[in-house]
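Single-structure report; data block below.
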Amino acid sequence: MKKGDKIVGIVLLILVLLTLSATLVYKKINKGTEHIAVIKSDGKVIKTIDLNKVVGQQKFTVKTASGHFNTIIATKDSIKVKDADCLHKECVKSGSIEEPGGIIVCLPNKLMISIDGEKISTKEEENKVIDGGTF
């Protein structure tokens, strides 16, 4: 092993450690967010679930006017489509979503599940927020 190979290895190791630590810090900062799952069928909100307060596993089925269905499972901090009668089942294949901004869509059944989150702020954090911009 040459000296240049060792330097490249050390630099890569440092980059990996920095990336991991930044990810952990980001997740710790976002720990104080609410995770509200909003389930819409045909553009209308049919159910909202606070994923932080789910105990165990909640399973329910959303049926459309045309007779199609999606079976949804909500657990603590995540939600997913377990089964659907659409052709390609992309909504099932997309897996579970856990973070605010995550979304699952079933186009044939006109179903959309998204996670909305609000950061729970303290009085000190509210005072530090910049309420305007300057150029």
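Among the listed pairs K28/K89; K40/K82; K53/K110; K63/K93, those whose Cα-Cα separation exceeds 22 Å are K28/K89; K53/K110.
Taking H88, H35 and ordering them by how much accessible surface each has at a 1.4 Å probe, largest first, produces H88, H35. In loop segments of segment 4-77 as defined by DSSP, the trypsin sites (Lys or Arg not before Pro) with at most 16 further C-beta atoms inside 10 Å of their C-beta are K76.
Compared with the alpha-carbon gap, the fully stretched path from K44 to S94 is longer by 15.8 nm at 0.36 nm per residue. Mean sequence separation of contacting Cα pairs (under 8 Å, at least six apart), scaled by the length of segment 1-61, corresponds to a relative contact order of 19 percent.
Per residue, the accessible area of segment 20-84 comes to 63 Å², computed with a 1.4 Å probe over protein heavy atoms only.
Rounded to the nearest 20, the size of the Cβ-charge dipole of segment 1-107 about its Cα centre is 300 debye, with Lys and Arg at +1 and Asp and Glu at -1.
The values are calculated or read from the model by the stated rules, or taken from the named source; none is laboratory data. Please read all numbers here as calculations on a predicted model, not as lab measurements. Because the Cβ atoms are built from the backbone with ideal geometry, glycine has one as well, and the counts that use them run over all protein chains shown. Just so you know, the surface numbers come from the protein's heavy atoms only, side chains and all, with ligands and any DNA or RNA stripped out. Shrake-Rupley method; radii C 1.70, N 1.55, O 1.52, S 1.80 Å.
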